[in-house]
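Here is the structure we will look at.
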Amino acid sequence: CSLSLLMLRNADCRTAYSRYINMPREYSKLLALPAAALLLVASPCVSFQTSKLATRTTSTKIAMTSSSEQQLLKDDLVALASSTRLGFSASRKDWDKAKSIINELSKLSPTEEPAAAYYSDAQATSDDIVPSLAGKWTLIYTDAPDITSLDAPLSIQKLGRIGQECDPPLIKNVIEWKRPSWASSLPFSGDEDSRILQKIVTEGASTPADNPTVDLKLVGLEISGTNGSMEETSSGLVNSLLNGPAALFEQNPIKLQGPLKGPFGKFDILYLDDEMRITKTYQGYYAVNVRQEKGNEWF
């Protein structure tokens, strides 16, 4: 029964993530994220050195001011995300404030080609693009209704973290499900640290002409589990079921990937630095992610 309810909930999750990574609804059924120029003017040697120093000083002040403004805006956005529970409890006033901050940050993005990690090999300008879209990210704010509605109070699963793994050309959209507190006394439900990771696997592509837009194609679905702090799970389907859904998927992970790839929408990268990424779906919804620290990844 728990497994059946879990798979039903996964269907709801896939619908939600179709908004997160812009999948047209008809495809959701297939499943059942600087350089400054120095102008040199001919002049006496002493004057040239003075002019050069003045130019460098001015450029440094501009860079420092821009960086300071970026950090203040980022801090405001993180604070708003925290106070609204990732946007899940945001009011219209909160949405408007977030949109205003995002609009200002987008003007200060330090990355000229944020989609470069998803150029084809022939079009890539560098193998070590910095900042890069590649990496593991955690969602801290969104206004997409199909995501903000996932945290239902009487859900058979407790929504954990939401993230995205960008490993060109793949982009995996990750949802963490945990055991709800009300189910702690139920048998076969696992323990409080048990979790299920659901990943919608897509393939991203962009070109210099399309930058900062990334187009997506559906590749597959992955579901895995972690049995938490419980003792090592005995092998076998029956024993896995007795230890809860997370143990079942830990012993029997699902990885579905076929030869067919379907259009999966697209998103624009509005802001990208080493710590934060802001995207906007073609439906007009925003997602703010922060990069996971190496050694502290949760998936």
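The values are calculated or read from the model by the stated rules, or taken from the named source; none is laboratory data. Here the structure is a predicted model, which is why all the values come from computation and not from measurement. Backbone-built Cβ (ideal geometry, glycine too); neighbour counts: all protein chains shown. Calculation scope for accessible area: heavy atoms of the full protein, side chains included, ligands and nucleic acids excluded. Shrake-Rupley method; radii C 1.70, N 1.55, O 1.52, S 1.80 Å.
For first residues located in the stretch 241-257 and at positive phi, partners that are among the hydrophobic types (A, V, I, L, M, F, W, C) and modelled with pLDDT of 90 or more and lie 6+ apart or on another chain with Cβ distances below 7 Å do not occur. Among the residues of the stretch 72-98, the ones that are exposed (fewer than 14 other Cβ atoms within 10 Å of the Cβ) and under 19 Å from the mean Cα position of the chain (by Cα) come to 4 in all.
Of the residues D215, D268, D210, the single one that is open to solvent by 20 Å² or more (accessible area, probe 1.4 Å), more than 21 Å from T138 (Cα to Cα) and at pLDDT 95 or above is D210. For D146, the conditions (1) touching a helix residue (DSSP H, G or I) at 6+ places or on another chain (Cβ under 7 Å); (2) assigned to a loop (DSSP other than H, G, I, E, B); (3) at pLDDT below 95 all hold with the exception of (2). Scanning the stretch 147-168 for residues that are over 15 Å from the mean Cα position of the chain (by Cα), buried (at least 19 other Cβ atoms within 10 Å of the Cβ) and charged (D, E, K, R) yields nothing. The residues in the stretch 253-299 that are of a type in the set (D, E, K, R) and assigned to a strand (DSSP E or B) can be counted, and the count is 7.
Of all residues in the stretch 64-120, count the ones that are more than 20 Å from L150 (Cβ to Cβ), in contact with a strand residue (DSSP E or B) (Cβ under 8 Å, 6 or more places away or on another chain) and assigned to a helix (DSSP H, G or I). Count: 9. You will find that of R195, R179, the residue that is over 20 Å from the mean Cα position of the chain (by Cα), modelled with pLDDT under 95 and either of a type in the set (S, T, Y) or open to solvent by 20 Å² or more (accessible area, probe 1.4 Å) (or both) is R179 and no other.
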